[in-house]
1. Amide H to amide H, which residues 5 or more places from Tyr147 or on other chains are under 5 Å from it, using H placed in the peptide plane?
2. Translational diffusion coefficient of segment 9-76 at 10 °C, 1.306 mPa s, Stokes-Einstein with Kirkwood Rh over Cα pairs, in µm²/s as a whole number.
3. Please state the charge dipole magnitude for segment 9-76, taken about the Cα centre, from unit charges on C-beta atoms (+1 on K and R, -1 on D and E), reported in debye and rounded to the nearest 20.
4. Separation of segment 81-152 and segment 32-46 by C-alpha centroid, Å?
5. At 222 nm, what helix-only mean residue ellipticity would the chain give, in deg cm²/dmol to the nearest 500, using -39500 (n - 2.57) for each DSSP H run of four or more?
6. Residues with beta-carbon under 12 Å from that of Ser23, excluding Ser23: net charge, scoring Lys, Arg +1 and Asp, Glu -1?
7. What net charge do the residues around Arg123 carry, taking every other residue with its C-beta under 15 Å from that of Arg123, with Lys and Arg at +1 and Asp and Glu at -1?
8. Step through the residues of segment 19-26 one at a time and calculate ³J(HN,Hα) from phi using the Karplus curve (6.51 cos²θ - 1.76 cosθ + 1.60, θ = phi - 60°), rounding each to whole Hz and writing x for Gly and Pro.
Amino acid sequence: MKKQYVFLNEKVLKWREALVIDSSGSSLGVLPTRKALDLAKNEGLDLFAVNTNISPIVCKIVDYGQMKYEEQKRERANHKPKQDTKEIKVSPRIQKNDIDTFVKRAKKFLEHGDKVKVTCVFRNRELEHSELGLEKIKIVLNELSDYCTYEGQPILQGKIMSIIVSPKK
């Protein structure tokens, strides 16, 4: 992205005339740029060239620092933080104390506003007893029920059973 050059105060004198808008937003008409700059200085404000691609150029009498601050404030308000998806992997052989550790971590993720993917990975012949993995995932979901919402049942895809939970709003 190319940085746009800012014409402010004396740099506007490059043009002879400008369509001037005062600080309240009303048009003052086409004025010599020297007179427009004097008006801005008398108010203690800046003369800012809004559009230099037309003739006469459009200038506005504003507090440039305040204008830039308001613009940055609007951009920050429009920029929403990205929601991450964190993953917690359990196995069909996992024990209760390990599940408690994973649940604590998942609660922190959910309180932070992130989604959590609860995954159970099957190895070798464990796939024959997929109900054990489903049972472990349901234990985790029951522990997290106060913090999250989820839709449907865990899905088995190949050797991985998973479900995504979202924080409660």
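None of the figures in this text is laboratory data; all of them are computed from the coordinates on show. Please read these numbers as outputs of a predicted model, since none were measured by experiment. Positions of Cβ are generated from backbone atoms using ideal geometry, with glycine treated the same way; all protein chains shown enter the neighbour counts.
1. Amide H neighbours of Tyr147: none.
2. 132
3. 180
4. 65
5. The helix contribution divided over the chain gives -11000 deg cm²/dmol.
6. -3
7. +3
8. 7, 9, 10, 7, 5, 8, x, 8
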